[in-house]
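Here, each number is a calculation from the coordinates, and none is a lab measurement. Please read these numbers as outputs of a predicted model, since none were measured by experiment. Every residue, glycine among them, receives a Cβ derived from its backbone with ideal geometry; neighbour counts consider all protein chains shown.
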Amino acid sequence: MKLKKYFLVYHGLPKNVYFVCLNRLFSSLIIFVYPLLTNYITLKLGATDAEAGGFVSIALLVNLFSIFIGGFLGDKYSAKNLLLFGQFALSICSIACSLFIGKSIVVAFLIILSGIFGFTNPLYNVLILDNSKDDLNIKKRGFSLLYFFLNLGVAIGPLLSGMWFEKLLPLYFLSVGISNLVMAVLFLAFYKQNRSTTKTPKKHEEKLSKIFVETFKNNHLAIKTILFSILNYFIYIQISYGIPIQLNDWFHDGPKIYGLLMLINAILVLTLTPIISGITHNLNPIFLMSIGSLFYMLSFLSVLLFSGFVASILFISICTIGEILIQTNISLVVSILSEKSMEGRMNSYLLIISSFGNILGTSMFGFLITQTSLSIGWLAITILSVIYAGLMYQIYLASKRKKHI
């Protein structure tokens, strides 16, 4: 009964928000396109790891460019229509993949899918905001539900692609394509465009320098939050990069232990997200991000101080709480601190920064542990977590003075 009570935190949201979140669930069934691309190139086409890495790099660049385009257009045109375009394209590419399994052209379709994800990512945030009625509580619950459905899709999609990769990969692509096509039709039929959110392109006649100055002046806290978030993503990527290296050092069967931890993480995210959202719905989301970074600090400190199974369980349990507190609030915070006309672009900048944070997090952490040790690496991540918590607390104090929230 208590769990049901916490899920009621999502009750009473605008109907459009539910359709946006359901749409997110189906599109995220194939969101792990990079490992899928790597496995397809190496295992289905027999190419080398280096060749696979080259194509993944191309996909990442396409994704980055598409994020910017999606955020830019999302502030000017109907985010609903743009999202529908993206989902229909996703359906076509997925179905095309199912028809050409074993052929090199599937690589091109997967790269296009990477671009589609980049294009649609900021649009989901824009649609949640468009239907929030400028109500902070609706925004918080909407972003929380969006994160919940994203993780549900992320849990189901890779499981299916992994199980069906050898013999049933065409069925996986076909299932994703048809389910997204059906969802797109339902979204078109039942999502009601609010007149107040209908957008028309604006003519910009001001000088570029003036636009830049005005943008920074009116959105400086949002810009600072985005720039500071490079630390968040530097830390967060260690769940996927540093932790597997550490587990391989502790255990003979590190990959299996890592898979178990990711299963625990998925279960905790799906169960704790509504509970944490229910408990914290009256608290300032910027303050919650600062607290979340302190949970990161404690989780990586547990890896530094302990070892083996105990450290693994402590890490994933504490880190998941930090993940929920930060990842469910970061897009919301950027939107709150931005001008309404800039929300989509600011969220696209956040996604771009996340990619740079991931790149720096893997390359710099890898260099550090190669030159020193894993313990020094975890000490550095622990310190960065404290620094990020302090920076977000400064944003929290500044936003209170300016009465953003």
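Here is the figure for the stretch 252-281: residues that are in contact (Cβ under 8 Å) with a residue 12 or more places away in the chain and not in a helix (DSSP H, G or I) total 1. Can you tell me which condition E343 does not meet? The list is (1) farther than 20 Å from R141 by Cβ; (2) surrounded by 22 or more Cβ atoms within 10 Å (Cβ to Cβ), and all the others hold. Tallying (1) farther than 20 Å from R141 by Cβ; (2) surrounded by 22 or more Cβ atoms within 10 Å (Cβ to Cβ), E343 fails exactly one: (1). Apart from one condition, V303 fits all of (1) surrounded by 20 or more Cβ atoms within 10 Å (Cβ to Cβ); (2) over 20 Å from E323 (Cβ atoms); the exception is (2). Taking the stretch 70-85 as the range and being surrounded by fewer than 23 Cβ atoms within 10 Å (Cβ to Cβ) and within 14 Å of F117 (Cβ to Cβ) as the test, the residues that pass are L82, F85. Applying the set (1) buried (at least 23 other Cβ atoms within 10 Å of the Cβ); (2) in a loop (DSSP other than H, G, I, E, B); (3) among the β-branched types (V, I, T) to I41 leaves exactly one unmet item: (2). Applying a threshold of 7 Å to beta carbon distances and a minimum spacing of six or more residues, or different chains, the list of pairs starting in the stretch 367-382 at a residue that is under 20 Å from Y296 (Cβ atoms) and ending at one that is of a type in the set (G, A, S) reads L368/G377; L368/A380; I369/G377; G377/G242. Any chance the stretch 298-311 includes a residue that's in contact (Cβ under 8 Å) with a residue 40 or more places away in the chain, farther than 30 Å from L61 by Cβ and outside any helix (DSSP H, G or I)? Looking for residues that are in contact (Cβ under 8 Å) with a residue 40 or more places away in the chain, farther than 30 Å from L61 by Cβ and outside any helix (DSSP H, G or I), one finds at least one in the stretch 298-311, hence yes. Only residues that are surrounded by fewer than 22 Cβ atoms within 10 Å (Cβ to Cβ) and part of a helix (DSSP H, G or I): list them for the stretch 317-340, please. Across the stretch 317-340, the qualifying residues are S317, I318, I321, Q327, K340.
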